[in-house]
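Inspection log for the structure reproduced underneath, given as C-alpha cells.
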Amino acid sequence: MVSHGASTYTVASMFLLSFTLVLSGDIVHHDDVAPTRPGCTNNFVLVKVPTYVDGVENSEYVGVGARFGPTLESKEKRANHTRVVLADPPDCCSKPKNKLTSEIILVHRGKCSFTTKANIADDAGASAIIIINNQTELFKMVCEVNETDVNIGIPAVMLPQDAGINLERHIKNNSIVSIQLYSPHRPLVDVAEVFLWLMAVGTILCASYWSAWTAREAAIEQEKLLKDGSDEYANTDNVGSSGYVEISTAAAILFVLFASCFLVMLYELMSYLFVEILVVLFCIGGIEGLQTCLVALLSCFRWFQHAAQTFVKIPFFGVVPYLALAVTPFCIVFAVIWAVYRRESYAWIGQDILGITLIITVLQIVRIPNLKVGTVLLSCAFLYDIFWVFVSKWWFHESVMIVVARGDKSGEDGIPMLLKIPRLFDPWGGYSIIGFGDILLPGLLVAFSLRYDWLAKRNLRAGYFLWAMTAYGVGLFITYVALNLMDGHGQPALLYIVPFTLGTFLSLGMKRGELKILWTRGEPEWACPHIQEDQQPINH
C-alpha cells in the first residue's frame, strides 16, 4: 500500500513535471522569417564535416548549410575529400591574395554579408566556403533583404567557433587538412518511434487494468460490508482506505495554470544546477513508482504474499508492508545508479523504467470521477500544449516547451521527465522522446473507461475501454506522422491525442444515450446493486 504522504508527493510532482511533447530532433530547420527569393530558398540542413589531417582521420564536426548556394551530397561515399585553405584576408570581404584551385576556403565572420563572402570565394575558384562563427553555436546564414547577387555556385557551411579554430590551428601548423561535406537524410520512420508508441500504449494498458482491478475489488469489499450490516463502511474515509485521489473540476483547471507557471520557471531558470534539482525530484518519484510496481508484481506470487500482507508502522510513512521495505533498497540503488550514469549512452533504459513505473503508479493513485472532469482536464491540457509549443514563440521568440524539454542552456541532454529511445537508424543519432503528460493525461480517461466497463459488467465490445484505447493509439500514431512530416520538429502530442480519445468517448456516449450518466457519475448505478437508495455517498 502506498503511504498517504508519499502518494501526495508523487501526485504533486508528477503533475507539475508532466511535459507534453513528442520530439525526434530538429535536423532540417524551416524558417519563415528570413527572406526567400530565387537562389535563396534552401532549408537549413545540418552538415557532417569529417576532417583528415595529413591523411589521417581526425575529428568530425557538425555545421549548418546556408539558405543560398547548391545543396550538398547526402551520401558520404559521394562526398569528395577536398583540401582546406585559409582565406587571406581572413574575413574574405575582398578578393583573396592566395590563388585557389578548387580548394575549400576557410573564412571568419566579418563586416560583409555571407553572400558577399560566398560570391568572392566563388569568383576566386573555391569549391566551397566554410564560415567560422564567432560563437560556439551555429547561426543561420540568410540573404540580406537588399542583396541582388544571390546566384552563388558553391555551397556554404557554417561551423561553430571551436571547430573552426581547430581546423585553423592544424593548417597554421603546416598540416594538410582535407574534409568532406555531406548532409545525410533522416529515415522516414525510425524504429525508435515504433518502440515509443508501444511503450506509451503498453503503459496505459497496464495502468488501466490495475486501476480497474483495484476499483472492482474495493466495490466487492464495500458490498460485503453492506451485506454484513457492518458500520465499518459508513465510518471509512475513502481517500485513506482506498489509497487513491479523485481530481475535481477546479483541480483540473488549476493543474494547467500551475503547470504553465512551472514551465515558465524552468525556462527562465534553466541551468545545470536546476536540472540537477529536477533529477533529484525525478529519482524520488521514480523510487516510489518502482517500489509500488515491484510490490504489486511480487504480491502475485505465492512466496511473497505473506510479506505483502504483513505490515509495520513507520513514522511519516505510516503503515508499510514488509515486502515494500525489502524492495526499497533495490529501488534506491537503481535510481542512484541511473542518476550517476545518466549521461552514458545506455542510461535511457533506467530513465524509461523509472518513468514508466512512476506513470503507472500515478495512474493507480489519481482518478477522474466522471467524464465531466476528464473533459475539462483534457481540454485545458489541449490548449496548454498548443500554447507552449506554438503560440509561446510570439512572446519568447522560441518554443518554450521545446527549449525546456531539450534542456537548452543547461549542459544536459534534456530533462529527465521524458521517455526516450535512441534513434537507431538515424545518421544524426539523437533520441526520440515523448513527455510524461502525453501518457498520463489521456491515461486518466482511458483508465476511467475500463473502471466504468468493469463496474457496469460490460464486455470489451459493448464497453468504452476498447474504443478509448484504440483512439489513443491512433492519436499517438497520427502524432508521429505529423512529426515526420515536420522533419522532426517537436509536436504537441495532445493536439492529436485529445480529439481522438475525448471525441471518441463523447461521441460513443451520446450515441448510446449514456452521456448523462458518464458526465455526472463515475460509477454506474447498477455497479453495486445492494446499496440502498437512501445510502448517501461518501464525500471524497
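The values are calculated or read from the model by the stated rules, or taken from the named source; none is laboratory data. Remember, it's a predicted structure, so these values are computed and weren't measured experimentally. As a convention, Cβ positions derive from the backbone with ideal geometry for all residues, glycine included, and neighbour counts pool all protein chains shown. Quick note on the areas: whole protein, heavy atoms, side chains included, nothing else; ligands and nucleic acids left out. Shrake-Rupley method; radii C 1.70, N 1.55, O 1.52, S 1.80 Å.
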Looking at (1) buried (at least 17 other Cβ atoms within 10 Å of the Cβ); (2) closer than 20 Å to residue 468 by Cα, which is the only condition residue 216 fails?
(1)
If a residue has to be without any contact (Cβ under 8 Å) to a residue 40 or more places away in the chain, open to solvent by 50 Å² or more (accessible area, probe 1.4 Å) and within 30 Å of residue 186 (Cα to Cα) to count, how many in segment 71-108 make the cut?
2
Please determine, by comparing only the residues of segment 185-204 that are farther than 17 Å from residue 437 by Cβ and touching a helix residue (DSSP H, G or I) at 6+ places or on another chain (Cβ under 7 Å), which one is surrounded by the most Cβ atoms within 10 Å (Cβ to Cβ).
193
Of the residues in segment 360-395, how many are more than 14 Å from residue 445 (Cα to Cα) and open to solvent by less than 10 Å² (accessible area, probe 1.4 Å)?
4
The helices (runs of 4 or more DSSP H) lying wholly within segment 319-412 that contain at least 1 residues that are under 30 Å from residue 217 (Cβ atoms) are 322-340, 347-365, 371-386
List the number of the failed condition for residue 117; all other conditions in (1) basic (Lys, Arg); (2) in contact (Cβ under 8 Å) with a residue 60 or more places away in the chain; (3) within 21 Å of residue 166 (Cβ to Cβ) hold.
(2)
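Tell me the residue from 146, 173, 151 that is under 25 Å from residue 38 (Cβ atoms) and without any contact (Cβ under 8 Å) to a residue 12 or more places away in the chain, please. Spell out how you get there, then give the answer.
Values: 173 fails: under 25 Å from residue 38 (Cβ atoms); 151 fails: without any contact (Cβ under 8 Å) to a residue 12 or more places away in the chain.
On inspection, the qualifying residue turns out to be 146.
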Among the residues of segment 103-142, write down those that are hydrophobic (A, V, I, L, M, F, W, C) and outside any strand (DSSP E or B).
112, 114, 118, 120, 121, 124, 126, 138, 139, 141, 142
If a residue has to be within 20 Å of residue 81 (Cβ to Cβ) and either surrounded by fewer than 22 Cβ atoms within 10 Å (Cβ to Cβ) or under 32 Å from the mean Cα position of the chain (by Cα) (or both) to count, how many in segment 119-168 make the cut?
8
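Within segment 303-318, track down each residue that is surrounded by 14 or more Cβ atoms within 10 Å (Cβ to Cβ) and not in a helix (DSSP H, G or I).
Applying the first criterion (surrounded by 14 or more Cβ atoms within 10 Å (Cβ to Cβ)) to segment 303-318 yields 304, 307-308, 311, 317-318.
Those that are surrounded by 14 or more Cβ atoms within 10 Å (Cβ to Cβ) and not in a helix (DSSP H, G or I): 311, 317, 318.
For the structure I just gave you, tell me whether residue 505 is under 20 Å from residue 213 (Cα atoms), out of contact with any strand residue (DSSP E or B) (no Cβ under 9 Å at 6 or more places or on another chain), surrounded by 13 or more Cβ atoms within 10 Å (Cβ to Cβ) and at pLDDT 90 or above. Full working, then the answer.
Working: under 20 Å from residue 213 (Cα atoms): no; out of contact with any strand residue (DSSP E or B) (no Cβ under 9 Å at 6 or more places or on another chain): yes; surrounded by 13 or more Cβ atoms within 10 Å (Cβ to Cβ): yes; at pLDDT 90 or above: yes.
In short, no.
Quick check: is even one residue across segment 338-349 among the hydroxyl-bearing types (Ser, Thr, Tyr) and within 18 Å of the chain's Cα centre (by Cα)?
Our first condition is that a residue be among the hydroxyl-bearing types (Ser, Thr, Tyr); within segment 338-349, this holds for 341, 345-346.
Applying the additional criterion that residues be within 18 Å of the chain's Cα centre (by Cα) yields 345-346.
The answer is yes, given that some residue of segment 338-349 is among the hydroxyl-bearing types (Ser, Thr, Tyr) and within 18 Å of the chain's Cα centre (by Cα).
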In segment 454-482, anything closer than 22 Å to residue 405 by Cα and either touching a Lys or Arg at 6+ places or on another chain (Cβ under 7 Å) or surrounded by fewer than 22 Cβ atoms within 10 Å (Cβ to Cβ) (or both) is listed as 477, 478, 481, 482
Residue count for segment 271-302, restricted to those that are within 29 Å of residue 383 (Cα to Cα) and either open to solvent by 20 Å² or more (accessible area, probe 1.4 Å) or more than 22 Å from the chain's Cα centre (by Cα) (or both):
4
List the residue pairs whose Cβ atoms are under 8 Å apart, where the first residue sits in segment 503-523 and is farther than 18 Å from residue 469 by Cα, the second is among the small types (Gly, Ala, Ser), and the two are 6 or more positions apart or on different chains.
515/509; 519/509; 523/219
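Assess whether residue 446 counts as being more than 25 Å from residue 358 (Cβ to Cβ) and either modelled with pLDDT of 85 or more or not in a loop (DSSP other than H, G, I, E, B) (or both). Can you show your working first?
Details: more than 25 Å from residue 358 (Cβ to Cβ): no; either modelled with pLDDT of 85 or more or not in a loop (DSSP other than H, G, I, E, B) (or both): yes.
So residue 446 fails the test.
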